[in-house]
Amino acid sequence: MLILAIETSCDETAAAICENGRRILAGEVLSQADMHALYGGVVPEIASRRHIETLGPICSEAVAKSGVAMSDIGAIAVTCAPGLIGALLVGVSFAKSASKALNIPLVPVHHIRGHIAACYIAFPELTPPFCALVASGGHTLIIDVEDYTKMRVLGSTRDDAAGEAFDKCARILGLGYPGGTAIDSLSNGGDDAAFSLPRASVSGNPLDMSFSGLKTAVINLVHNSAQKGEPLDKSSLAASFQAAVSDALAPRVIAAAKACGRNVIVGAGGVIANSRIRRDLETAATAAGMKAFLPPPALCGDNAAMIGCQGYYEFLSGSRAGDEQNAYATMPADASFPDMIGGK
Ligand code: KG4
Ligand code: ZN
């Protein structure tokens, strides 16, 4: 079955044609990062306007590149939550109109479930159950994926997302926006033990995380060295910061997998492109006798193929968006859309 997938939850306008939840026939991603870099972060109104301008052409391009006829497309999948509400509404409105015009079903998809599904594209042998670590710019979650459309959130960040901490540290180090990749490169050759940075544990739920103290510690270090006029080993600070983030992530997803009796862990979201975090996840999984599936960096960041892939499994479970389908800025990954028709 061919699905046209649409993703506009943040600052990437993306469309893809996917087959049976596992194969990408075409995938187009248009990043708006340059437009937002000027402001040091995503400006919601600019994001929405840009989605309006580019979504139609991006969809046409995906269809043309896939080589399939419009009439071969069996359903449309669209990200309906979570994200910037204006940005989401552009994609949802467009998808509703397209599904009416083509007379094919519309499937609502949760963005975080989509990130997890990126792994199905990268690893055809991967099937649930497994425990997933999702680390992106807006979310940091540990999820037990019992089945393709049945999941349980076991832990989450209490404050900043891991990607947000990367972006804020990059900003204070003068590396621009978004800063995850720049910190990753800067850390090369740095000493990850040069700076002693906090590792927060959260009372109540050992699988919950917190990154705001770490972010503040980095900001204070940078300010102090600037005030004293002392040189700062930025490479080692980047390496120490990455080590601290990684120490919060890898042990928790392994602990979650052990508690759930899973022997497979999956990484998902933009932050999983990080070289240190990937290395630590692989090492921790091997030490625990588990297997780690980490999508290639191109599939870690926002894209529409992951939405088309998850959309296929949501379609099989019976989920359909009706005329009332809305977009939601926040929504737990283990909840169902309240206005959805069918499915669970
Ligand atoms: O999943 P994503 O593309 O978008 C959201 O859903 O938020 O994640 C974006 C986040 C940004 O915070 C970005 O700085 C971070 O992923 N990121 C990285 C790396 N590449 C992207 N963080 C650390 N290391 C990287 N190599
Ligand atoms: Zn994302």
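A few comments on the model shown:
- The order of M70, M331, going from fewest to most other C-beta atoms within 10 Å of their C-beta, is M70, M331.
- In region 247-344, the convex hull through the Cα atoms has an average projected area of 7.6 nm², a quarter of its surface area.
- Relative contact order for the chain: 24 percent, from Cα pairs under 8 Å spaced at least 6 residues apart, divided by residue count.
- Pairs from the list K168/K234; K258/K291; K96/K150 with a Cα-Cα gap above 19 Å: K96/K150.
- Principal-axis tilt of helix 234-260 within the chain, Cα atoms, nearest 10 degrees: 60
- Separation in nanometres of the label points that stand 7 Å from Cα toward Cβ, at M1 and T330: 3.3
- Its residue count N fixes a reference of 2.2 N^0.38 Å for the chain, and the Cα radius of gyration divided by that reference is 0.99.
- Sum of -39500 (n - 2.57) over DSSP H runs of 4+, divided by residues of the chain (222 nm, nearest 500): -14000 deg cm²/dmol
- Relative to the longest principal axis of the Cα atoms of the chain, the long axis of helix 305-316 lies at roughly 50 degrees.
- Each peptide among 109-115, 143-149 gets the average number of other Cβ atoms lying within 10 Å of its residues, and from highest to lowest they stand as 109-115, 143-149.
- Rounded, prolate or oblate (a/c below 1.5 giving rounded, otherwise prolate when a/b exceeds b/c) for region 46-178 by Cα gyration tensor: oblate
- Sites N205 and K291 - FRET efficiency at Förster radius 25 Å, r taken between beta-carbons, to 0.05: 0.45
- Label-to-label distance, R22 versus L232, with points set 7 angstrom from Cα along the beta-carbon direction: 4.9 nm.
- Segment A64-L38, length gained on full extension (0.36 nm per residue, minus Cα span): 6.1 nm
- From least to most packed, judged by other beta carbons within 10 angstrom and beginning with the fewest, M340, M209, M1 follow the order M1, M340, M209.
- Cβ crowding within 10 Å ranks E53, E19, E28 as E53, E19, E28, fewest other Cβ atoms first.
- A simple spin-label model places the labels of K150 and S196 4.8 nm from each other, with each point 7 Å out along Cα-to-Cβ.
- 0 to 90° range, to nearest 10: angle between helix 85-102 axis and the chain longest Cα axis: 20
- Percent RCO, i.e. relative contact order, over region 29-143, from Cα pairs under 8 Å lying at least 6 residues apart: 19
Where a number appears in this text, it was derived from the coordinates with a stated rule and is not lab data. Everything numeric here is computed off the predicted structure, so don't read it as measured data. For neighbour counting, all protein chains shown are included, and Cβ atoms are generated from backbone atoms with ideal geometry for every residue, glycine included.
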